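Structure first, commentary second.
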Amino acid sequence: MSATLPLSGGYVATTYRTCPRTGLQFEAQAERLMIVNAVVAVVALLVGGLLAIGVVLTRWPAVHWLAPDTFYMVLTAHGIDMLIFWIIFFEVAVLYFCSSTLLRCRIATPKIAWAAFALMLIGAVMNNVAVFQGGSSVMMTSYVPMMAAPSFYAGLILFAVGALIACFVFFGTLVVAKREKTYEGSVPLVTFGAIVAAIIAVFTIVSGAIILIPTFLQSIGLVKEVDPLIYRTIWWAFGHSSQQINVAAHISIWYAVAAIAFGAKPMSERVSRGAFLLYILFLQLASAHHLLADPGMSTGWKVVNTSYFMYFAVLASMIHGLTIPGAMEVAQRQKGYTRGLFEWLRKAPWGNPVFSSVALSIVGFGFLGGISGVMMGTEQLNMLIHNTIYVPGHFHATVVIGTTLTFMGMTYFLIPALFKREMIWPQLAKLQPYLFGLSMYFFTLVMMGAGTLGVSRRHWDMAFQGAALAYEWPGAAYLMMGLVGISGVAAITGGGLYIAITVGSLLFGKKLDAGKPSSVGTPVPRAAPSVAVQSYGSAGFAAPGTFVIAMLFLVAFVLYYFINWKYLGQLWGLS
């Protein structure tokens, strides 16, 4: 299939195809790399989803399914498969899409890209095997001096090296596109967001290596000990920043879906790009909010990192939360949906799972993940919910509702465009984002409710049965944890439906026209069907409905913030 036509600069062309449905152009090697990374990501999601059944049915007090040792093993594997392997494999596919496909160029160093994929796959399998062997139930944080098997750390290191190489392949592809002049002007905003995600990824992976390599050496006896305070500090530079890769990546997809579903252009490219840059400057520093209860850190360091620095990062997310729905509203109003504040929203394609997934993701990420995250970043309020089940409630709102639901929506777009298959069960595909997303809304709310009542996270038995000093939880705590179990099972069902639809479509979906192959790539045309994804724009503020929604968010934020100060005042009476 590959051709031998030399391009400018002496490069050799590969085979390109233009999707007849979207106008997107896929280069052969990049296409295969996107497919394998996306497929392995879904396999990791399947494994993590099956493990989630054991987690929720054990934390559900009336069921309390797994034995303690099995529960901690399952919880460790669930966290790593979901938070690391599923998301990063998919993000690598997104990086190749945002570089090779959106910029219409060949991928740089495909052999090295395949080596990166191999390292990631070997590392993921090695880490899972270590956990399932039963000697590495150390949770995702794997705090020292609690030690896992050497293969646990080696697997993570191999995976991280592979992901780091994939980031450099992405950067190399940007150089190829620039050198071969496959686009005009600046890179599209979606690609710009992917660049930000990759820059954060490099910082994140290097931080992980700095601390995981000495820990690996300790596990094999070459290093006597790793200082626990240094471990926690550097690990959270890795652990927190990994979520910020997700944020930059899924917000890039939000912009892409706004273009795909509405033909929407950014309200202000400069503002959106500036918001992405704020992530690079401040999100890593905000990782301090994971250490607010740590006695080894100074108060001054905590205050600076979780106030000024974190608020700049939050400002970036609030900008995106205003400009993306605003761009959708402007595009809808230009189509004639101008009655009242919200006709544009009522007439949105709610039956299209690509859009509905992203719409649910934006609202859940902002109202549930964003507000709770800012609250947790306040040192005094953090004492209320530190190490309670509120914390996983918060990050399920950010990682699952924010990132996973967005990736699900993008998959529905890629199945016909990238995999060249027609979607099976289209009616179930329309239902799936609502079943998964709304179940997750409820799941995160009741988890945070239980955490506010003090229910601990990660613990096999909230009742501490058989303890010398038993603790009597209020009935509301047991009710909340029961609702966690019910809504968790519903969300797992929604996730299982996504996997069934996507895998079934790849195996049994009708084959679609792939488009004519060509030995020469074409530069980004200004009139392609996908031009909105690949172009640049600026619109004045003409989105009153979005402004009202933003004000509702602000009111919800202020109310919730001061309600938590009231909770704190009841705990810490001064009289």
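The values are calculated or read from the model by the stated rules, or taken from the named source; none is laboratory data. None of these values were measured; they are calculated from a predicted model. With ideal geometry, Cβ positions are generated from the backbone for all residues, glycine too; neighbour counts draw on all protein chains shown. Side chains included, ligands, DNA and RNA excluded: accessible areas come from the protein's heavy atoms. Shrake-Rupley method; radii C 1.70, N 1.55, O 1.52, S 1.80 Å.
Couple of notes before you dig in:
- Value of relative contact order over the chain, rounded to a whole percent, pairs C-alpha under 8 Å and six or more apart: 20 percent
- Pairs of Lys residues in the chain, spaced 8 or more positions apart or belonging to different chains, with C-alpha separations under 22 angstrom: 11 in total.
- Volume of the convex hull of segment 330-369 (Cα atoms only), normalised per residue: 77 Å³.
- For segment 213-346, the Kirkwood estimate of hydrodynamic radius, built from reciprocal distances between every pair of different alpha carbons, is 17.6 Å.
- Shown are Arg106, Arg21, whose ranking by accessible area with a 1.4 Å probe and every protein chain present, most to least, is Arg21, Arg106.
- Projected over every direction and averaged, the convex hull enclosing the alpha-carbon atoms of segment 144-206 yields 5.3 nm².
- Net charge over other residues, Cβ less than 14 angstrom from the Cβ of Pro266 (K, R count +1; D, E count -1): +1
- Backbone N under 15 Å from the Met139 label point (7 Å along Cα→Cβ), restricted to segment 283-323: 290-295
- Neighbours of Thr404 by Cβ distance under 14 Å: Lys/Arg scored +1, Asp/Glu scored -1, total -2.
- Rolling a 1.4 angstrom probe over the protein heavy atoms with all chains in place gives the chain an accessible area of 40 Å² per residue.
- Volume per residue of the C-alpha convex hull in segment 65-159, rounded to whole Å³: 96 Å³
- The helix-only estimate of mean residue ellipticity at 222 nm for the chain, built from DSSP H runs of length n ≥ 4 each weighted as -39500 (n - 2.57), is -21000 deg cm²/dmol after division by the residue total.
- Calculated translational diffusion coefficient of segment 400-454 (37 °C, 0.692 mPa s; Stokes-Einstein with Kirkwood radius over alpha-carbon pairs) equals 255 µm²/s.
- Additional length obtainable on full extension of the chain from Val271 to Ser186, 0.36 nm per residue less Cα span: 29.1 nm
- Accessible area of the chain belonging to carbon and sulfur atoms, whole % at 1.4 Å probe: 71 percent
- Residues Leu222 and Arg346, FRET efficiency given R0 of 60 Å [Cβ-Cβ distance, rounded to 0.05]: 0.40
- Translational diffusion of segment 128-274, µm² s⁻¹ [Kirkwood Rh, Cα pairs; Stokes-Einstein; 25 °C; 0.890 mPa s]: 140 µm²/s
- In summary, the helical segments of the chain meeting the span-like criteria, namely a full DSSP H run, a Cα extent along the axis of 24 angstrom or more and a mean Kyte-Doolittle hydropathy of at least 1.6, are 28-59, 150-179, 189-219, 475-508.
- Here is the P(r) of the chain: all C-alpha pair distances, binned every 20 Å from 0, give 20, 56, 22, 1, 0 in whole percents.
- With K and R counted +1 and D and E -1, the other residues having a Cβ less than 11 Å from that of Leu217 yield a net charge of 0.
- Projecting the Cα atoms of Leu217, Leu189, Pro228 onto the charge dipole of segment 168-234, computed from C-beta unit charges around the Cα centre, puts Leu189 farthest toward the positive end.
- With Cα atoms as the point set, segment 64-119 shows a radius of gyration and Dmax of 17.4, 53 Å.
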